[in-house]
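Participant: Quick one: this structure, given as structure tokens, is what I'll be asking you about.
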Amino acid sequence: MELTLNINFLVSYLCFFGDKIPVKGETVLGNNHIVGPGGKGSNQAIAAARLDSKVNFITKVGKDNHADMAFSLYKEAGVNVESISQDSNFSTGVAGIMIDENGNNAINVFAGAAAHLKNEDIDKNLEVIKKSKIFLTQMETPDSTTMYALKKAKDNDCLTILNPAPARKINENDFELLDFFTPNETEAEFYLSRKIETNEDIKNAAKEFLNKGIKNIIITLGEKGIYFANKDEEYFVDALKLKDEVIDTTGAGDAFNGAFAVALSNELKYKDALIFANKVAAISTTRLGAASSMPTLKEVEEY
């Protein structure tokens, strides 16, 4: 079976490295600058493909240099691009990323052509969805299209994963479409309209998400690991203790989601899948960049 990702991709990113991330009105001197491929959808697709999974990618791009760079990258990683449509009326998306000395980041995203992905684009690729086992998406495409795609995936017996980034409003009845919901702490706070600080807060938040109709909730906690819960079990999984220095957390959440989807497609038990995804995400933080930081399966096995 295959893995399908219906996710916006922001092919070009500009990363600026400095001692700190500037606040409103502030200018800081940087110490490095790189340009490369990125975006949540692109990162997740590449993460999954580099882990030897068969990945289909449904999205929309422009007809420009950014798109050319993306197609070249996908060919190299082994991502199936037949479901990517091009529209000369729009530019391909970009992202600007500020990264501080601790690897923390702040990101400004312009979705470009992918912001114009429509239900018809999903319908054109129903055969791709039908032959897939896992359907992974996030919130960079238009809300109505994202939920429409999730419904089509559920109708065709796919396991559905929604990574709610960037966090945007979800209709309460749409939570029932989700087999897995993977917010980080900040995104979880957005959906519950309250702070999440203690372990007890995290556990209570998970219960609230399950009460909304989500089958499995995964709250990613950065260096503190992750918390998983469903109606049968709940537990924390510690972050991987790294032998290398964390230099850039950009794309770590995407590495986690792509790897988790791969693990599920390989029918790993949930806890084993989470440990595997945690490891992939952790390794990605020891490298610069987003898509370029995604490890291969061999690298994960040998780390």
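The values are calculated or read from the model by the stated rules, or taken from the named source; none is laboratory data. No experiment lies behind these values; they were computed from the predicted model shown. Please note: Cβ atoms are built from the backbone with ideal geometry, for glycine as well, and neighbour counts cover all protein chains shown.
Participant: For region 213-250, what are the residues that are part of a loop (DSSP other than H, G, I, E, B) and of a type outside the set (D, E, K, R)?
Facilitator: Residues satisfying the conditions are GLY213, ILE214, LEU221, GLY225, ASN230, ALA239, LEU240, LEU242, VAL246, ILE247, THR249, THR250.
Participant: So how many residues does region 114-150 have that are touching a residue at least 40 places away in the same chain (Cβ under 8 Å), under 30 Å from LYS24 (Cβ atoms) and part of a helix (DSSP H, G or I)?
Facilitator: Of the residues in that region, 2 qualify.
Participant: Would you mind stating whether SER88 is within 20 Å of the chain's Cα centre (by Cα), assigned to a loop (DSSP other than H, G, I, E, B) and at pLDDT 90 or above?
Facilitator: Here the answer is no, as SER88 does not meet what is asked.
Participant: Turning to a different aspect of this structure: Look through THR137, THR160, THR145 and report the one residue that is over 19 Å from ALA47 (Cβ atoms) and of a type in the set (Val, Ile, Thr).
Facilitator: Working: THR137 fails: over 19 Å from ALA47 (Cβ atoms); THR160 fails: over 19 Å from ALA47 (Cβ atoms).
That would be THR145, the only listed residue that is over 19 Å from ALA47 (Cβ atoms) and of a type in the set (Val, Ile, Thr).
Participant: Name the single residue that is surrounded by the most Cβ atoms within 10 Å (Cβ to Cβ) among those in region 44-84 being assigned to a helix (DSSP H, G or I) and small (Gly, Ala, Ser).
Facilitator: Going through the qualifying residues, I end up with ALA45.
Participant: Going through ILE46, ILE99 one at a time, which residue ends up being touching a residue at least 40 places away in the same chain (Cβ under 8 Å), β-branched (Val, Ile, Thr) and within 20 Å of THR141 (Cβ to Cβ)?
Facilitator: Details: ILE99 fails: within 20 Å of THR141 (Cβ to Cβ).
Result: ILE46 is the single residue among ILE46, ILE99 that is touching a residue at least 40 places away in the same chain (Cβ under 8 Å), β-branched (Val, Ile, Thr) and within 20 Å of THR141 (Cβ to Cβ).
Participant: Okay, moving on. Can you tell me which of LYS231, LYS241, LYS224 is under 30 Å from SER293 (Cα atoms) and loosely packed, with under 12 Cβ neighbours inside 10 Å?
Facilitator: LYS241
Participant: Being more than 30 Å from ALA263 (Cα to Cα), modelled with pLDDT of 90 or more and basic (Lys, Arg) is true for just one of LYS54, LYS63. Which residue is that? Steps first, answer last, please.
Facilitator: On the way: LYS54 fails: more than 30 Å from ALA263 (Cα to Cα).
Selected residue: LYS63, the only one of LYS54, LYS63 that is more than 30 Å from ALA263 (Cα to Cα), modelled with pLDDT of 90 or more and basic (Lys, Arg).
Participant: Tell me which of these ILE247 doesn't satisfy, since it passes every other one: (1) at pLDDT below 95; (2) surrounded by 23 or more Cβ atoms within 10 Å (Cβ to Cβ); (3) of a type outside the set (Gly, Ala, Ser).
Facilitator: (2)
Participant: Taking only region 253-272 into account, find how many residues are touching a Gly at 6+ places or on another chain (Cβ under 9 Å) and free of Cβ contacts under 8 Å to residues at least 40 places away in the same chain.
Facilitator: 0
Participant: Go through the residues of region 19-35 one by one and say whether even a single one is under 15 Å from the mean Cα position of the chain (by Cα), modelled with pLDDT of 90 or more and not acidic (Asp, Glu).
Facilitator: no
Participant: For ILE275, only one of the following conditions fails: (1) of a type in the set (A, V, I, L, M, F, W, C); (2) at pLDDT 95 or above; (3) assigned to a loop (DSSP other than H, G, I, E, B); (4) touching a strand residue (DSSP E or B) at 6+ places or on another chain (Cβ under 7 Å). What is its number?
Facilitator: (3)
Participant: Quick test for you: out of GLY253, GLY258, GLY289, pick the one residue that is within 15 Å of the chain's Cα centre (by Cα), surrounded by 20 or more Cβ atoms within 10 Å (Cβ to Cβ) and part of a loop (DSSP other than H, G, I, E, B).
Facilitator: Only one candidate qualifies: GLY289.
Participant: Now a separate question. Does any residue of region 151-166 turn out to be closer than 23 Å to ALA259 by Cβ, of a type in the set (Lys, Arg) and either free of Cβ contacts under 8 Å to residues at least 40 places away in the same chain or surrounded by fewer than 16 Cβ atoms within 10 Å (Cβ to Cβ) (or both)?
Facilitator: Scanning region 151-166 turns up at least one residue that is closer than 23 Å to ALA259 by Cβ, of a type in the set (Lys, Arg) and either free of Cβ contacts under 8 Å to residues at least 40 places away in the same chain or surrounded by fewer than 16 Cβ atoms within 10 Å (Cβ to Cβ) (or both).
Participant: Related question: With the condition kept exactly as written, say whether any residue in region 165-173 is in contact with a Phe, Trp or Tyr (Cβ under 6 Å, 6 or more places away or on another chain), in a loop (DSSP other than H, G, I, E, B) and more than 16 Å from LYS212 (Cα to Cα).
Facilitator: yes
Participant: Residues of region 176-212 being assigned to a helix (DSSP H, G or I), in contact with a Phe, Trp or Tyr (Cβ under 8 Å, 6 or more places away or on another chain) and surrounded by 19 or more Cβ atoms within 10 Å (Cβ to Cβ), which ones?
Facilitator: Once the filter is applied, which keeps residues that are assigned to a helix (DSSP H, G or I), in contact with a Phe, Trp or Tyr (Cβ under 8 Å, 6 or more places away or on another chain) and surrounded by 19 or more Cβ atoms within 10 Å (Cβ to Cβ), region 176-212 yields ALA188, TYR191, ILE202, ALA206, PHE209.
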